[in-house]
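See below for the structure under consideration.
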Amino acid sequence: MSYYVYILANHSRMLYVGHTSDLPRRLFEHKLKLAQGFTQRYNITTLVYFEVYTDRETAEKREQQLKGWSRSRKLELIESLNPTWSDLGFRFIYPEAKAVALLESFRNRNLNGVQLCERAYGSVPKDQSSLMKNTTKGNGRSSYE
């Protein structure tokens, strides 16, 4: 199993450091503001940095280490690997087959796949919209083909 230490940012570069064993799921939670608290309050949803570990304890220690760093040191770390502050979340959400399962898990929120991605990202990448074709069943619930 993999464990991730990640840094999220908002448009004004306010930072959040966290860790998880399921980064795609956690990113969806942040994007949809299901993770209540600091990230929801300040709209911190852009994945700007991450590291992968093979054990939870090491990931937790690294998270605490990064949280103890000064802001300037965190900025240097981010800019050393992501100088344009691109949202790295797309590499986890869309290319993975897991994306379909994640979308399915949110179907009870009465959003189809396209609506979910538009809410999370503002748009759906053209090459990925076919993954999220929505059909409505007789019971009014959505399913994904």
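Using 0.36 nm per residue of separation minus the Cα-Cα distance, give me the extension gain between K33 and K67 in nm, one decimal.
Going from the current span to full extension adds 10.1 nm.
Using DSSP to call loops (not H, G, I, E or B), can you name the trypsin sites (Lys or Arg not before Pro) in region 2-95 whose Cβ has at most 16 other Cβ atoms within 10 angstrom?
Of the trypsin sites (Lys or Arg not before Pro), the ones in loops of region 2-95 whose Cβ has at most 16 other Cβ atoms within 10 Å are R13, K33.
State the extension gain, in nm to one decimal, for the chain segment bounded by E57 and S21, taking 0.36 nm per residue of separation less the distance between their alpha-carbons.
Roughly 11.8 nm would be gained on extension.
Given 20 °C and 1.002 mPa s, how large is the Stokes-Einstein diffusion coefficient of region 3-91 in µm²/s, with Rh as the Kirkwood radius over Cα pairs?
Roughly 164 µm²/s, to the nearest whole number.
Roughly how many nanometres apart are two label points built 7 Å out from the Cα toward the Cβ at M14 and S86?
2.7 nm
Starting from region 12-100, pick out the GluC sites (Glu not before Pro) whose DSSP state is loop and whose Cβ has at most 16 other Cβ atoms within 10 Å.
E96
Bear in mind these aren't lab numbers, they're just calculated from the coordinates by the rules spelled out. Keep in mind that this is a model prediction, so the values were computed, not measured. For neighbour counting, all protein chains shown are included, and Cβ atoms are generated from backbone atoms with ideal geometry for every residue, glycine included.
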